[in-house]
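Since the structure comes first, as structure tokens, the remarks are kept for the end.
The values are calculated or read from the model by the stated rules, or taken from the named source; none is laboratory data. This structure is a prediction, so every number in the text was calculated from the model and none was measured. Every residue, glycine as well, gets a Cβ built from its backbone with ideal geometry; the counts of neighbours run over all protein chains shown.
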Amino acid sequence: MNTQNILSIYQLIEKPDLDKHEDVQWWMLRAEEDLFCALFLVRHARGYLPLNNICYLLHQSLEKWLKIYLAMNGSEFEFTHDLGYLLNVATRLDLSFHTIYCMLAPHGEVILDKRASSRNMRYGAGNGLDEALDTLIRANFHTRRKVKRFLKVEVL
């Protein structure tokens with residue numbers, strides 16, 4: 001992996017630069033990769049569903065889509081993995097993000113709680129992930145569609 005790409009992502013997070021189209025594209029590819037790897041694991045599980053890894057990837061994807069949206073709006077936001085916080089900031093820019101927040105709210109302790117970081121999901125600290133799985137998938141696709149429409153990128 002090119003270290004220059006990694007640095008450009010962190011620069012985008014810290015200081016959104018609307019002229020850095022290649023940074024946004026790179027970050028979008030990573031969000032897509034996380035989402036579609038999670039879906040691959042769900043669809044091809046045979047007798048064992050690696051739920052923690054799947055939810056970790058879905059959390060990462062959703063987090064990336066939200067950060068892309070916030071950065072491209074020129075919004076200032078904390079560097080965090082807290083989906084509740086990121087969705088609240090996004091909702092201040094576009095009220096329709098509240099729908100995604102409400103979709104995830106029934107699974108708040110698992111997904112939206114500040115302690116429900118992707119790291120906790122990854123290493124098995126998230127109880128209730130099985131009930132949250134479908135919601136995380138739907139939230140990802142809703143957010144992905146919103147961000148791509150905002151950026152005027154074709155949604156496949």
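Structure values in brief
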| read-out | value |
| --- | --- |
| Residue tally, condition assigned to a loop (DSSP other than H, G, I, E, B) and under 19 Å from Arg144 (Cβ atoms), over the stretch 37-95 | 6 |
| Leading residue by the ranking (modelled with the highest pLDDT) among those in the stretch 100-118 that are surrounded by fewer than 15 Cβ atoms within 10 Å (Cβ to Cβ) and in a helix (DSSP H, G or I) | Cys102 |
| Looking only at the stretch 119-150, and only at residues there that are surrounded by fewer than 20 Cβ atoms within 10 Å (Cβ to Cβ), of a type in the set (A, V, I, L, M, F, W, C) and modelled with pLDDT of 90 or more, the one that is nearest to Trp26 (Cα to Cα) | Phe150 |
| Residue selected from the stretch 37-88 under the condition of a type in the set (A, V, I, L, M) and surrounded by fewer than 20 Cβ atoms within 10 Å (Cβ to Cβ), by the criterion farthest from Leu112 (Cα to Cα) | Ala45 |
| Pairs, first within 13 Å of Asp130 (Cβ to Cβ) in the stretch 36-64, second acidic (Asp, Glu) and in a loop (DSSP other than H, G, I, E, B), C-beta under 9 Å, six or more apart | none |
| Output for the stretch 29-61, where each listed residue is within 21 Å of Lys152 (Cβ to Cβ) and not polar (S, T, N, Q) | Leu29, Arg30, Ala31, Glu32, Leu35 |
